[in-house]
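Worksheet: the structure to be examined is printed underneath.
Just so it is clear, none of the values below were taken in a lab; they were calculated from the coordinates. Keep in mind that this is a model prediction, so the values were computed, not measured. Every residue, glycine as well, gets a Cβ built from its backbone with ideal geometry; the counts of neighbours run over all protein chains shown.
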Amino acid sequence: MRAAVSHGLTRHTARTVVDIDLLDRQLEEIRRSGFSASFEERDLGAASISAPVFGSSGELVAAVGIGAPTQRLTPADVAQLAPLVIEAGEEASRRLGYRPGIRTQISDSP
């Protein structure tokens, strides 16, 4: 990941993460929890919750998510909605032939 952002990170809003160490910590939390939530990190007024979709050999092939204005999707909604988004990602992964236990390809480590 560091190689991909060696030129630096671009700030789009005041909430955009541009500190690589903070980004590393956030990515580790995303891997652990199985989802990502974003509130005005790319566009003002936009929020989203996303989860990975894996292919049959365990590679990351897509993401599923929900997006809405921040007036309708708030941090308070994450606990209720994230499990549903994760479930959708897991179902899509199953339909693509993914089986748990297959090594997933979502990190930089070999």
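Key figures
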{"quantity": "Neighbour cut-off at most 14 other Cβ (10 Å), DSSP loop, trypsin sites (Lys or Arg not before Pro), segment 1-85", "calculated": "Arg2, Arg11, Arg15, Arg42, Arg72"}
{"quantity": "Linear extension gain, Arg11 paired with Arg72, 0.36 nm per residue minus alpha-carbon span", "calculated": "19.6 nm"}
{"quantity": "Listed candidates [x] 7.4; [y] 10.0; [z] 8.7 - label of the one calculated as mean projected area of the Cα convex hull in nm²", "calculated": "[x]"}
{"quantity": "Additional length obtainable on full extension of the chain from Phe39 to Val18, 0.36 nm per residue less Cα span", "calculated": "6.1 nm"}
{"quantity": "Estimated FRET transfer efficiency (Arg95, Arg32; beta-carbon r; R0 22 Å; 0.05)", "calculated": "0.35"}
{"quantity": "Relative packing of 81-88, 94-101, which averages over residues the other C-beta atoms within 10 Å, highest first", "calculated": "81-88, 94-101"}
{"quantity": "Cα centre as origin, Lys/Arg/Asp/Glu Cβ charges: the chain dipole, Debye", "calculated": "200"}
{"quantity": "19 Å cut-off, amide nitrogen to a point 7 angstrom out along Gln80 Cα→Cβ, residues in segment 25-41", "calculated": "36-39"}
